[in-house]
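The values are calculated or read from the model by the stated rules, or taken from the named source; none is laboratory data. Worth saying up front: this structure is predicted, and the values here are computed from it rather than measured. Ideal geometry is used to build each Cβ from the backbone, glycine not excepted, and the neighbour counts take in all protein chains shown.
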Amino acid sequence: MPETHVNTFGGSPLNRLSWLRPSQSFMNAIVHVPNSRWLLFNAGQTLMISSDDRSVKPALAYLSTRDVKPFLGPEPYFGQGKEPGELVVEKDGESHAHPQHSPTEAARHHGIPIVFLGLHEKESGDNSVALPSSEFTNPDEAIKKLQGTPYFAVEVADLEHTQDDLEKLLSETGPSKEGKKLSWVEPRTLMMGFDGFPAAVFASARSMVDWNQRNKFCPGCGSPTYSMWGGWKVACKTLLPWTDNGNKKPCPTTKGLHNFTHPRTDGVVIMIAIDETGEKVLLGRGRRFPGKFYSALAGFIEPGESFEDAVVREMWEEAGVHVWNIKYHSGQPWPYPANLMVGFYARADSTKPIRTDLDNELVDARWFTREEILAVINHVGGTRFRHADLKKIAEDIDGRSNTGETKAQTDPTSKALTPAESKGSAPQQERRKSVADEPPFRLPGTGAIAGVLVRDWAEGRISFPPEDLKAGPIHKGNL
């Protein structure tokens, strides 16, 4: 590839200031910067500003610290002591400067976790504005040097507020008072509408709040955990100096690595196979997706595998196809909840039989010609899905839907005309025309890396040079 492709959710615009997360003086200072902005989530759903006008795209709701205070509990928010309202004093002003991390570093064990996403800095070619740890021995002075907008995120589901409670709290926020409509939205139904900046901020926020909500117990001993380092570390509550552990065996995290659970990123290979002529591509149709929808094949990385190993294994398991000459394309963060989609393309032999009966994950897999792919890409409905289809995909993936599905529920083009409709009133004729104009199959849009891979192949941006034809299939253990 001549240049790096930045996919939707990638290209983070934030300086994460990761070296400052352990400093409670920094965290307690930056949280009160007047222009700080917060993203709120409720069981994974995102707080959005929406409109009754369907022509207006929903947008992320950015709240101020003042808006979210009712959700956060008493101050201090970081470096909390035994009782609410108590602050643990950092040793020598900056405990995170010591080789041995303290279990009270920017600790937050009262209230829901807060995730500090980073700072959106003002445009400047001067890197001297970067803030080293030493700048925050006096946070009141150092915070004045901050140039940009801090971003935070919280998940409010664990507050167990009723819907009325949430609506009342949200009605007191700045956007509501300005007359804007706030609502909780399943983000998968809107992901293709996100622009670059909000998409990248949202991706970090959703993955991190999900990780904090899921990791409530220590993997070393099973005790409850608490949040540290601005939501980027969880620690075992048995480590807190005031915890009475009785005769309980010490948690393994008391020595060595104090963080058995790191922020989660699950690697996924996503790939297309190109035949030896370069004119055909292999795509599959998954069981969870609407009918006629074909996409790149994909699968999780397993322990002891390289990315290339996973491409070979997944292509064989899902489609019975051997591939070789594996090439990297680009990566895409995928915050549902915390995947990194790593895109590849590879060679395969289209004359060999296809098998979907090995792991039975695909309903179908087939080779498509470049002309067939381009016809769908250029069709007005070729890469579009209705809101209801996207919502159903989200429900299926999250395990919230019923297993008994009819074709009409999964295939937006499968609804048949009734006898009355077939007689031909104007609206009915229009509907028949709409059905007739449906593309022969659908493809992912370029908001997903699968769609980027397919389009880049179809439009000639990725290919194999002629000499690769002589390479032949790889053999196990000879990658």
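Details
- Condition met for THR162 (among the β-branched types (Val, Ile, Thr) and free of Cβ contacts under 8 Å to residues at least 40 places away in the same chain): yes
- Odd one out for LEU340 among (1) within 28 Å of ASP210 (Cα to Cα); (2) hydrophobic (A, V, I, L, M, F, W, C); (3) in a loop (DSSP other than H, G, I, E, B); (4) modelled with pLDDT of 95 or more: (3)
- Residues in the stretch 117-168 that are touching a Ser or Thr at 6+ places or on another chain (Cβ under 6 Å) and modelled with pLDDT of 80 or more: LEU117, HIS120, PRO150.
- Within the stretch 328-378, the set of residues being among the charged types (D, E, K, R) and over 28 Å from the mean Cα position of the chain (by Cα) comprises ARG347, ASP349, LYS352, ARG355, ASP357, ARG366, ARG370, GLU371, GLU372.
- Counting only helices (runs of 4 or more DSSP H) that sit wholly inside the stretch 140-241, those with at least 1 residues that are among the polar types (S, T, N, Q) and in contact with a Phe, Trp or Tyr (Cβ under 9 Å, 6 or more places away or on another chain) are 196-214.
- Residue in the stretch 231-244 that is among the β-branched types (Val, Ile, Thr) and closer than 18 Å to LEU14 by Cβ present: no
Table: residues versus (1) in a helix (DSSP H, G or I); (2) at pLDDT 55 or above; (3) more than 13 Å from ILE272 (Cβ to Cβ).
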{"site": "LYS433", "(1), (2), (3)": "yes, no, yes"}
{"site": "GLY447", "(1), (2), (3)": "no, yes, yes"}
{"site": "GLY451", "(1), (2), (3)": "yes, yes, no"}
{"site": "VAL454", "(1), (2), (3)": "yes, yes, no"}
{"site": "TRP457", "(1), (2), (3)": "yes, yes, no"}
{"site": "PHE464", "(1), (2), (3)": "no, yes, no"}
{"site": "ASP468", "(1), (2), (3)": "yes, no, yes"}
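- If you filter the stretch 263-284 down to residues that are within 22 Å of the chain's Cα centre (by Cα) and part of a strand (DSSP E or B), you find that the one that is nearest to ARG461 (Cα to Cα) is ILE272.
- Scanning the stretch 45-75 for residues being in a helix (DSSP H, G or I) and crowded, with 18+ Cβ neighbours inside 10 Å gives a total of 5.
- Summed over the stretch 292-309, the residues that are within 21 Å of the chain's Cα centre (by Cα) and not β-branched (Val, Ile, Thr) give a count of 8.
- No other residue among SER171, SER183, SER207 is surrounded by fewer than 20 Cβ atoms within 10 Å (Cβ to Cβ), out of contact with any Ser or Thr (no Cβ under 7 Å at 6 or more places or on another chain), of a type in the set (Gly, Ala, Ser) and assigned by TED's automatic domain parsing to the domain that holds ASP53 apart from SER171.
- For the stretch 348-361, the count of residues that are in a strand (DSSP E or B) and touching a residue at least 40 places away in the same chain (Cβ under 8 Å) is at least one.
- Whenever a residue of the stretch 291-305 is over 16 Å from VAL452 (Cβ atoms), its partners that are of a type in the set (Gly, Ala, Ser) and part of a loop (DSSP other than H, G, I, E, B), lying with C-beta atoms within less than 9 angstrom and at least six residues away or across chains, give the pairs GLY291/SER414; LYS292/SER414.
- Residue that is of a type outside the set (Lys, Arg), in contact with an Asp or Glu (Cβ under 8 Å, 6 or more places away or on another chain) and farther than 17 Å from ARG108 by Cα, where the choices are GLY196, GLY174, GLY179: GLY174
- Look at (1) under 25 Å from the mean Cα position of the chain (by Cα); (2) of a type in the set (D, E, K, R); (3) assigned by TED's automatic domain parsing to the domain that holds TRP232; (4) modelled with pLDDT under 90 and you find that GLU94 fails only one, number (1).
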